[in-house]
Amino acid sequence: MSEHGTPTVCVANAVDTLWALAGRAAGPAGRRAALAEAFAQQDQALFWRPTDKLIITEVPIAELAWQCDFLGLPQVSNLSPRPLTGNLFRDILADEPLMRALLDHAGERRRIRLIPHTTTAELWDFAEAASARLSIDIELPESSPDQRLRDLADTKSGLRSLVEGRGLARAKAGIAEGAVCAGIAEAVEVAGRMLAEGRPCIVKPDRGEASVGLLIVRTAAQAAELPTVLRRSPYFARDEPIVVEEWVHGEGVVFPSVEFVVEAGREPYLTHVCHMLFGEPTQVLGNVTSAELRLEPWYGGFVASASVLAAQLRDQGYRGHFGIDAVARPDGTLAMLDLNARRTGSTHLHDFGLEFFGADYQSRMTIGHYDYYGLPPGVSLRAVLGALDEVVCAPRDGTEGFVPCELTGLATGRLSSIIFAPTLRRFHELAARAGHLLQSIRSTPERVLLP
């Protein structure tokens, strides 16, 4: 039940926007590989506030009862439609038992608040059809009525246009030098020119998600092969722009992100700032938020520039969460790289902090998310808990600890976690210790970022 007294339904359609990208992959095996590890992200909805809700996911959240019991959360309801077609909203409409459960959840007032991970065009069709069939009212407080605006903001070119339109391109917190290219030929030309000037670059699909399809061009040989690689790649559509940007890398480079919420009738507000944690150059292993980040030289400029963009989005009619990912040099100069017009991969960390440590958690806690790979596919929760016994702790039982979560990922050999600690240093120590302990059940060499 929300603070407004209206039952909440969370639709964790985190994978919906990946289905289109996966559809470009070669063959069924390629499509399955592109999606397999993404399903676990749906489990983050467990931590979205309020905690008393119905969560609709593409596949059932694994070990949900254990997680609720361990954390002292209400035993939330979780339903998944069958069969899956690649569009969760359409699948819900086609599942009669699930639709009856929605009606039951709406209660006597026949009203629900619907919180999606991503506002897609199909959400509006769903809301209209479900309201008519069930005779219920559906509130959409986090969804922008202008779907075109949301979709444009969610592209690489959309962010560059927004930044340039507000005069921020060359600000201390601006964007990486680069260009939006009309197609492969122009992208190859821009990449070649940047490399000739001694600047490696990164080539991005305009509508890419989860680092899928990114290409880093470091050498003349890679530049020479780029036309062939782009034509063969399933992720660069011939009728969509390609963004080429300078690849900012090197000693001391870090990857901050911010998240804002835009609501009707109030100023946009910052929820939290994170460090993104990388293994390989395009593989995100986690993120961490901490009061200590406020001391970083990039912090003030990043928050200031992002606040300008948040106000612009509000004025254009945007509603809901959005995050901006960036890269920062040691001197504090920062380039914004990507805008995610939805709930982000760290929204659940903020909600976790609010739920277990209160509204002031950011002044005294460090909370992060960390993924561990290489476990045997289908490894049991019992085996994981046995290996990690010395670090696993619920937030109500201590001031630091390791919380296994997104347990749907165990099916593919991935363990996710939320780690809470008093300092950033202690967070990294716990992350490294957990990685070491997992060696006893890991089936392949560890892919983990050590502090």
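Of note:
- Of the candidates A210, A182, the single residue that is out of contact with any Asp or Glu (no Cβ under 8 Å at 6 or more places or on another chain), within 21 Å of D151 (Cβ to Cβ), open to solvent by 50 Å² or more (accessible area, probe 1.4 Å) and at pLDDT 90 or above is A182.
- Taken over segment 408-437, the criterion of being within 22 Å of Q67 (Cβ to Cβ), touching a Pro at 6+ places or on another chain (Cβ under 9 Å) and among the hydrophobic types (A, V, I, L, M, F, W, C) is satisfied by L410, A411, L415, I418, F420, F427, A431.
- The sole residue among A359, A341 that is open to solvent by less than 10 Å² (accessible area, probe 1.4 Å) and not hydroxyl-bearing (S, T, Y) is A341.
- Test: A411 is assigned to a helix (DSSP H, G or I), open to solvent by 10 Å² or more (accessible area, probe 1.4 Å), at pLDDT 95 or above and aliphatic (A, V, I, L, M): no
- Filter pass, A421 being over 13 Å from P376 (Cβ atoms), at pLDDT 95 or above, open to solvent by 10 Å² or more (accessible area, probe 1.4 Å) and small (G, A, S): no
- Segment 397-436 - residue that is in contact with a His (Cβ under 9 Å, 6 or more places away or on another chain) and not acidic (D, E) and, of those, nearest to V59 (Cα to Cα): C405
- If only residues of segment 271-303 that are of a type in the set (G, A, S) and not in a strand (DSSP E or B) are counted, the one that is surrounded by the most Cβ atoms within 10 Å (Cβ to Cβ) is G301.
- Restricting attention to segment 73-108, the residues being small (G, A, S), surrounded by fewer than 16 Cβ atoms within 10 Å (Cβ to Cβ) and touching a helix residue (DSSP H, G or I) at 6+ places or on another chain (Cβ under 9 Å) number 1.
- Within segment 185-206, considering residues that are without any contact (Cβ under 8 Å) to a residue 12 or more places away in the chain and more than 24 Å from P234 (Cβ to Cβ), the one least open to solvent (accessible area, probe 1.4 Å): G198
- Residue match in segment 51-63 (condition: among the hydroxyl-bearing types (S, T, Y), open to solvent by less than 20 Å² (accessible area, probe 1.4 Å) and in a loop (DSSP other than H, G, I, E, B)): yes
- A count restricted to segment 187-216 and to residues that are at negative phi and assigned to a loop (DSSP other than H, G, I, E, B) stands at 9.
The values are calculated or read from the model by the stated rules, or taken from the named source; none is laboratory data. Computed from a prediction, not measured in an experiment: that's the story for all the values here. Every residue, glycine as well, gets a Cβ built from its backbone with ideal geometry; the counts of neighbours run over all protein chains shown. Just so you know, the surface numbers come from the protein's heavy atoms only, side chains and all, with ligands and any DNA or RNA stripped out. Shrake-Rupley method; radii C 1.70, N 1.55, O 1.52, S 1.80 Å.
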